[in-house]
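What follows is calculated from the coordinates using simple rules that are stated; it is not laboratory data. Model, not experiment: these values are computed from the prediction. In this analysis, Cβ positions are derived from the backbone assuming ideal geometry, glycine residues included, and neighbour counts consider all displayed protein chains.
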Amino acid sequence: MELKTTITFIIITIPFFLLTIWMLVDISMKQFKTTAEKAAWWLIALTPFIGWLIYLIFGFRRGKKPARQ
């Protein structure tokens, strides 16, 4: 693999990686109806390249952030 190809690949994948991390942190901070639902969203968010988008569209508003004390 050439250096230019490798650099292009890395530049393209970094945003997807960062969005995935952001969604995983969001899932971790929210409370869902069941633990199984939370685990399912984790698995969906870990799906390469599109998992974060699926969670953002369908699951982002399902979880509730715990009240601050």
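Which residue pairs have Cβ atoms closer than 7 Å, lie 6 or more positions apart in sequence or on different chains, and pair a first residue in segment 42-69 that is more than 17 Å from VAL25 (Cβ to Cβ) with a second residue that is surrounded by 10 or more Cβ atoms within 10 Å (Cβ to Cβ)?
Once the first residue is more than 17 Å from VAL25 (Cβ to Cβ) and sits in segment 42-69, its partners that are surrounded by 10 or more Cβ atoms within 10 Å (Cβ to Cβ) give PHE49/PHE16.
Among (1) surrounded by 10 or more Cβ atoms within 10 Å (Cβ to Cβ); (2) more than 9 Å from the chain's Cα centre (by Cα), which single condition is THR35 missing?
(1)
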